[in-house]
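In what follows, a structure is listed as structure tokens, so that the remarks can point back to it.
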Amino acid sequence: MKFMLSYLKRYRWLVAACMSLKLLGTILELLIPYVLEYMIDEVAPTKRMSLVLFWGAVMLALAALTRLTNVTANRLSVKSAKSATYEIRRDLFWHSLNLSGSQTDKFGLPSLTSRMTSDSYNVQSFLQSGQALGVRAPIMLVGGIVITMTMDVGLSAILCVMAPVMLVVTVSVSLWGIPLYDRVQQSVDEIVRIMRENITGIRVVKALSKEDYERRRYGAANETMTRRERKAGVVMALPGPLMTLALNIGLTLVVIIGAIRVNNGVTKPGVILAFLTYFNMILMGVMGLNRVFMMLSKATASAKRIEAVIVQPEGLAAIPEEQAAHTEREEFIVFDHVSFRYGEVSGKPDDVTQTSAASGKMKQTKRPAPTGKSAIRGENLSSGNESAVHEGIQMSILELSFAMKKGGSLGIIGATGCGKTTVINLLMRFYDPTEGHIFVDGKDVRTYEKDDLRRKFGVVFQNDVIFAESLAENIDFGRSVDEEGIRTAAANARAQEFIEAYDDTYQHQAAIHGANLSGGQRQRVLIARALAAHPEILVLDDASSALDYKTDAALRKVIREEYRDTTTIVVAQRISSIMSLDDIIMLDEGDVIGHGTHEELMASCPKYREIYHTQMGEGR
């Protein structure tokens, strides 16, 4: 509740105006039955038509003012609620973008999506309707009871007995409903996860004729969600019938006791008519409170889920130089005995590594034994951890050490899931190592501000994204690259030929995920994006898998000749993509089983040699 109100507080004047108008409108509405009672019991017996018309006009004026104030208040509540929710969604999106890899793994991509959509909608619904109903309902309830007490204390006692009972039922059921709606939102996460998988993998599903299988899988998740929604709905629907029953009983008692009191001359007929109207108003007030509490239950569960993301501390914030590791080595990129296990927490910032000037070897401070889960055996890291699966989070990295000179090139090869992408994730500091240290340009990567570090990179990841924008915008990607730079990058990436074949050339609109481009075309646009800003470090993570050998070779030549000062790291499955690089690392289940040039690995690494002969079709 505090979380939602902290955003709504920024629009306190709109909220105050809304609630003031709603209060005024409700009071005016409560006066209408009172005027009616006065007309029946006091004005009508006089038989003066002028008085009847005057008080009739008063009733019409009250009704018109009530309508005007309510409509204006509702518009103000919509404006403040939408503005507050806009800021909530903005902050949620921003914090989601700034989560570290571990934090993203913890929440899961489907859960982040549903928090941005259905959870923010639940919060907006409460902020919007809660302002109006939150004033109108209790004023209707309390005001109706107070006015009836001025008319007939005996009859109003019936209401005074009924109202507390109904409020207790409403509040109790609402508190019961909060955890139920939390479980409903967890089911929404699962539904979103399955939908994302099927939308992005629709071709695979159809190619393998697995529509029935996916329908059953979705059906099971949908059934679970429906069951949880039904349970929450049944629980939250309990107060309605109970309150209606209680009020109908009270209404019956008012009619019976009122008739007796009128017959005995204790109460006037107009009072009974006013009481019946006030009973309906009180019923509306109680039902409004029930609706407020129902929305509050949903919004509270959703707000907790949104707040959990927004209050996350900045993932992998930069640390001070004095707490960082230091090296005297001159290489541009250095991995010093780096180990990493998904699900573990890296060493503390004050675990410092020092370098001996004489030997250039790094002296590692002693660290506690790792305690987190190792992903090397494929354990489940977290519930619904789709991002981990999609990013190849399966293997750990153990004792990886290498160094690269500025402008040098490194190839990383190995079987799927051996940890190749993990090396890139660590270098770009999406995660921190469990042990060891990484240096870029002589500095511990932990000392860089994220933007400063990542501005050095041009990257093409596995399964990278083409956005539903023009090809020029996809290559530029908001970096203000001029037209000539975009064309040069496209030419170097061997994308210029097919782009300029379109009638609208670089303004050609790409479909979502680049669905209107071939696999090779997508990869060439992505490579052009990586090259466009002339990065200090170029990372190509399986970026040429869809390219033919001729295009791949031409691309390697361009990078070698046109980007001599760029340090290049190529993650590949094909030996032909890396065999000409300065250095090659062969990984196997997180272990380095070969390290050297192509010729050195051919002589010393049987597994590398086996892959070479298999791919190149040469005899042994």
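Points worth noting:
- Counting the residues of region 583-611 that are at positive phi and open to solvent by less than 40 Å² (accessible area, probe 1.4 Å) gives 2.
- Total residues in region 178-205, condition over 15 Å from Ser111 (Cα atoms), modelled with pLDDT under 75 and open to solvent by 40 Å² or more (accessible area, probe 1.4 Å): 5
- Test: residue in region 504-515 that is touching a residue at least 60 places away in the same chain (Cβ under 8 Å), touching a Leu at 6+ places or on another chain (Cβ under 8 Å), open to solvent by less than 40 Å² (accessible area, probe 1.4 Å) and not in a helix (DSSP H, G or I): no
- Sole exception among (1) open to solvent by 20 Å² or more (accessible area, probe 1.4 Å); (2) modelled with pLDDT under 90 for Ala572, by number: (1)
- Here is the figure for region 483-503: residues that are in contact (Cβ under 8 Å) with a residue 60 or more places away in the chain and among the polar types (S, T, N, Q) total 1.
- Matching residues in region 279-306 - criterion: being charged (D, E, K, R), open to solvent by 40 Å² or more (accessible area, probe 1.4 Å) and within 16 Å of Pro179 (Cβ to Cβ): Lys298, Lys304
- Top-ranked residue of region 22-49 - restricted to ones that are open to solvent by 50 Å² or more (accessible area, probe 1.4 Å) and within 30 Å of Ile88 (Cβ to Cβ), ranked as farthest from the chain's Cα centre (by Cα): Leu24
- Residue identified as open to solvent by 30 Å² or more (accessible area, probe 1.4 Å) and modelled with pLDDT of 50 or more among Lys366, Lys406, Lys420: Lys406
- Each residue in region 66-77 was checked for being surrounded by 15 or more Cβ atoms within 10 Å (Cβ to Cβ) and farther than 20 Å from Ser6 by Cβ, and 6 pass.
- Picking from residues in region 533-551 that are charged (D, E, K, R) and more than 17 Å from Lys406 (Cα to Cα), the one that is modelled with the highest pLDDT is Asp541.
- Within region 306-333, the set of residues being within 27 Å of the chain's Cα centre (by Cα), of a type in the set (Asp, Glu) and assigned to a loop (DSSP other than H, G, I, E, B) comprises Glu314 only.
- Members of region 436-484 that are open to solvent by 40 Å² or more (accessible area, probe 1.4 Å) and assigned to a helix (DSSP H, G or I): Asp451, Asp452, Arg454, Glu473, Glu483, Glu484
- Residue in region 323-333 that is more than 27 Å from Val169 (Cβ to Cβ), of a type in the set (Phe, Trp, Tyr) and surrounded by 16 or more Cβ atoms within 10 Å (Cβ to Cβ) present: yes
- Test: residue in region 247-257 that is closer than 22 Å to Val146 by Cβ, β-branched (Val, Ile, Thr) and open to solvent by less than 20 Å² (accessible area, probe 1.4 Å): yes
- Scope region 426-435; condition in a loop (DSSP other than H, G, I, E, B), under 17 Å from Glu536 (Cα atoms) and of a type outside the set (Lys, Arg); matching residues: Met428
- In region 38-69, the residues that are touching a residue at least 60 places away in the same chain (Cβ under 8 Å) and closer than 21 Å to Val15 by Cα: none
- Out of Ala232, Ala246, Ala220, sole residue that is part of a helix (DSSP H, G or I), of a type in the set (Gly, Ala, Ser) and free of Cβ contacts under 8 Å to residues at least 40 places away in the same chain: Ala220
- Checked against (1) more than 23 Å from the chain's Cα centre (by Cα); (2) modelled with pLDDT of 85 or more, Ala303 passes all but condition (1).
- A Cβ distance below 7 Å, combined with a sequence gap of six or more or placement on separate chains, defines the contacts here; from region 279-295, residues that are under 16 Å from Ile27 (Cβ atoms) reach residues that are at pLDDT 80 or above and among the charged types (D, E, K, R) in the pairs Gly288/Arg136.
- Qualifying residue in region 134-149 (condition: assigned to a helix (DSSP H, G or I), closer than 21 Å to Ala301 by Cα and open to solvent by 30 Å² or more (accessible area, probe 1.4 Å)): yes
The values are calculated or read from the model by the stated rules, or taken from the named source; none is laboratory data. Quick caveat, the model's predicted, so the values are computed rather than measured. Note: ideal-geometry Cβ built from the backbone for every residue, glycine included; neighbour counts use all protein chains shown. Remember, those area values only see protein heavy atoms, side chains included, never the ligands or the DNA or RNA. Shrake-Rupley method; radii C 1.70, N 1.55, O 1.52, S 1.80 Å.
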